[in-house]
Structures are given as structure tokens and as C-alpha cells.
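**Q** One structure follows; several queries about it will come next.
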Amino acid sequence: MKKLYLLTALICPAICFAQHNPIIHTQYSADPSARVFGDTLYLYPSHDRDDSKTFDMIDYHVYTTTDMKTFTDRGVCFDAINDTPWAKAYAWAPDCIYRNGKYYFYYPTDKKHIGVAVANSPLGPFHDALGKPLVSIDSKGIICNRDFIDPCVFIDDDGQAYLFMGQNTICCVKLNEDMISYSEPVHIIEGCDEFFEAIWMHKYNGKYYLSYSNGTQNGHQPQIAYAIADNPLGPYKYQGVILDPVSSGTNHHSIVEYKGKWWIFYHNSDLYISRNPQAGKEKGFRRSVCVDRLHYRKDGTIKKVRMTK
């Protein structure tokens, strides 16, 4: 029976039916990066392991949906720690983008490097493109006094690609056409009040929106806040909070339009807590991806998200 189960699992990918949040319940997942390629929404979260005692993630699965009702686990698309010679630990929040027939996957490791991997398919397998980090905490122009993490890639309508990253300070570089190198200088983004981590860029009605986790500097649990600008590099003007604190402690999201509707993906620890009512601090290392609708007001500001069960 065990052999039959294993064979079935290899032939049939795991399917999660999103009748309620979280939308992924076959394993723990966090830091969701949602991207639309063609008619399919692809979800690239980090992978919280069942036995994690810290944020010691090593690999990435990719999930797909075409109806926002079922999310299919397509398996490991990239094993950043085992398949990258220079990376040792902490494969945290990634991002992915398409350009010139290739898919580029940006990922942080070791709390100090941002790498880039490339594939011919959004499902992978991705392979390290450089044999070294694309940019590191000690690269020229980088300002970072904590962990150098959370890459977010954005391609504007004029074709210019940007890579945002960092903790406490938002650093941004203009990527070259090859998507695996960048042009100096490093730009420091201003106007995102209380920025801590989890930067995300999207564009709506000609405006640029940077949303992010605002951390705990002012005594509150992390929220998702946002700022708006007329240029990808700012200056940005702070707008407020769109997602309240979640049960995992950390708060990390992405925002995407799919089939005419806007969505926010995020994570919490509700699934683990429901399975372990006496959960302690380990709940923060067993997170699960959720999704809810995102709505704009007529003036372009974002309404606070109503998190649903």
C-alpha cells in the first residue's frame, strides 16, 4: 500500500481545494509571490518544513491555478541550498518574472545574498545563472543594517526592469536586459514609512504602489502598509495600512490582478494552530498561504483587506 501511495503521489500532483483559507494545506508555505503568465496564476512561496525550529527553508515549490478555486502543487521548482554552491542556508521569500523567452527567479540566502536562477518554464527546474550572488549586503551602494532579503522584481511598461530588496532600508537596482546583471548606482527608496521587510511593487492606473511589512518599530505587530509614487524610484507618499497583523507574527504578501480582479496573497499560522491548539512560538515557523480580494477606491487608494476564513 505504501508503494502504491508513493507512485500515486508522483503521478498525481497534490491539489488543494480553496474553499477556505489557507489555500495550501498539504504542506506549510509562506511569503507568497503571485505572478500571472499566460492564462495561469503561478504562486511561488517559501517552504516551511514540518520540523522547522527556525526559518531554515531550503527549497521552493510552485503552485498553479486557472480558477482561483484549486491550487495544484507542481513540485519543487528550485532547491536553492542543495543546488547552489555558494548558498548555505535560509532560502526565504522569492520572486519570479518572464522576459525574452525565459523565466527568472530571484531568491535570498544566508541573510546577505540575492541570487538569480533561470528556466525555460515557469514550473522550472530553475538553475543558478551566475555561480555567485547577483547582489549582496556588501555590494557597492547597498545600505542594509539587518538582513538583506526579500527581492521583488518589476518590469515597467517601457521595458526597464527593477529589483527591489532589503530590510529596514529599501534598495533598488535597474536590471539590464539580460536580467542577470544590473547597472549602478543603487537607488535608496524614500517615503515608505516604518518599512521593515517584504517589499512588493505593482502598478495600477499609471501609479506605482510599494507595499510592505511595517515591522514592530512602534510597538505593534507587523501590518502590510503601502505608499504611492509617479515613478518607480519615487519619491513615495505613505498611504496607510491595508492588512492587519496575522497569527504568524511575520506578515508577507503579494498583490496581483488576475482575470479582471485584484487579489492579495499573504500567510498566517491558523492551520498549524488549529492542528495544535497549545501551539507556542513554533507556530511562527509553520505558516500557510491565504488569499483575499483587494479593492481600490475611486481615488486609487486601497481599501483595508477583509481577511476571510
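**Q** Determine whether region 229-251 contains at least one residue that is open to solvent by 30 Å² or more (accessible area, probe 1.4 Å), in a strand (DSSP E or B) and closer than 20 Å to Tyr63 by Cβ.
**A** Checking region 229-251: not a single residue is open to solvent by 30 Å² or more (accessible area, probe 1.4 Å), in a strand (DSSP E or B) and closer than 20 Å to Tyr63 by Cβ.
**Q** Select from region 30-49 the residues that are modelled with pLDDT under 95 and either part of a strand (DSSP E or B) or over 22 Å from Tyr90 (Cβ atoms) (or both) and list them in ascending order.
**A** Asp48
**Q** Let me ask another. Could you check region 258-271 and list, in sequence order, the residues that are within 16 Å of the chain's Cα centre (by Cα), open to solvent by 10 Å² or more (accessible area, probe 1.4 Å) and farther than 9 Å from Leu294 by Cβ?
**A** Scanning region 258-271 gives a single hit, Asn268.
**Q** Within region 272-285, does at least one residue satisfy the condition of being outside any loop (DSSP other than H, G, I, E, B), hydrophobic (A, V, I, L, M, F, W, C), crowded, with 18+ Cβ neighbours inside 10 Å and at pLDDT below 95?
**A** Yes: region 272-285 contains one or more residues that are outside any loop (DSSP other than H, G, I, E, B), hydrophobic (A, V, I, L, M, F, W, C), crowded, with 18+ Cβ neighbours inside 10 Å and at pLDDT below 95.
**Q** Let me ask something else about it. When region 135-187 is examined, which residues are found to be more than 19 Å from Cys96 (Cα to Cα), of a type in the set (D, E, K, R) and in contact (Cβ under 8 Å) with a residue 40 or more places away in the chain?
**A** Residues satisfying the conditions are Lys140, Asp147, Glu184.
**Q** Counting just the residues of region 287-299 that are within 19 Å of Tyr44 (Cβ to Cβ) and of a type outside the set (A, V, I, L, M, F, W, C), which one comes out surrounded by the most Cβ atoms within 10 Å (Cβ to Cβ)?
**A** Per the stated criteria, the residue is Arg287.
**Q** Checking the structure you have, find out if any residue of region 207-220 is open to solvent by 50 Å² or more (accessible area, probe 1.4 Å), closer than 23 Å to Tyr44 by Cα and at pLDDT 95 or above.
**A** Scanning region 207-220, I find no residue that is open to solvent by 50 Å² or more (accessible area, probe 1.4 Å), closer than 23 Å to Tyr44 by Cα and at pLDDT 95 or above, so the answer is no.
**Q** Can you tell me which residue in region 50-83 is modelled with the highest pLDDT, limited to those that are of a type in the set (Asp, Glu) and farther than 20 Å from Cys290 by Cα?
**A** Filtering first and then ranking leaves Asp79.
**Q** Another question, then. Select from region 184-201 the residues that are closer than 18 Å to Ser254 by Cβ and assigned to a loop (DSSP other than H, G, I, E, B) and write down the one among them that is most open to solvent (accessible area, probe 1.4 Å).
**A** Phe196
**Q** Oh, and also: Is it true that some residue in region 168-183 is of a type in the set (Phe, Trp, Tyr), open to solvent by 20 Å² or more (accessible area, probe 1.4 Å) and part of a loop (DSSP other than H, G, I, E, B)?
**A** No, that holds for no residue.
**Q** What are the pairs, 6+ residues apart or on separate chains, where a residue within region 38-56 that is open to solvent by 10 Å² or more (accessible area, probe 1.4 Å) has its Cβ under 9 Å from a residue that is small (Gly, Ala, Ser) and in a strand (DSSP E or B)?
**A** Final answer for the pair search is Tyr42/Ser33; Tyr42/Ala34; His47/Ser29; His47/Ala30; Phe55/Ala30; Phe55/Ser46.
**Q** Sticking with this one: Within region 57-80, count every residue that is open to solvent by less than 30 Å² (accessible area, probe 1.4 Å), farther than 19 Å from Glu257 by Cβ and of a type in the set (Ser, Thr, Tyr).
**A** Residues flagged as open to solvent by less than 30 Å² (accessible area, probe 1.4 Å), farther than 19 Å from Glu257 by Cβ and of a type in the set (Ser, Thr, Tyr) within region 57-80 amount to 2.
**Q** Follow-up. Take residues that are among the aliphatic types (A, V, I, L, M) and tell me which of the strands (runs of 3 or more DSSP E) falling wholly in region 97-163 contain 3 or more.
**A** The strands (runs of 3 or more DSSP E) meeting that bar are 113-119.
**Q** Exactly one condition in (1) aromatic (Phe, Trp, Tyr); (2) touching a Ser or Thr at 6+ places or on another chain (Cβ under 9 Å); (3) under 24 Å from Thr65 (Cβ atoms) is false for Phe285; which is it?
**A** Phe285 satisfies all of (1) aromatic (Phe, Trp, Tyr); (2) touching a Ser or Thr at 6+ places or on another chain (Cβ under 9 Å); (3) under 24 Å from Thr65 (Cβ atoms) except (3).
**Q** Looking at region 139-167, which of its residues are closer than 20 Å to Ser254 by Cα, among the β-branched types (Val, Ile, Thr) and surrounded by fewer than 19 Cβ atoms within 10 Å (Cβ to Cβ)?
**A** Across region 139-167, the qualifying residue is only Ile155.
The values are calculated or read from the model by the stated rules, or taken from the named source; none is laboratory data. These numbers were taken from a predicted model, which means no experiment stands behind them. Every residue, glycine as well, gets a Cβ built from its backbone with ideal geometry; the counts of neighbours run over all protein chains shown. Heavy atoms of the whole protein, side chains included, go into the accessibility calculation; ligands, DNA and RNA do not. Shrake-Rupley method; radii C 1.70, N 1.55, O 1.52, S 1.80 Å.
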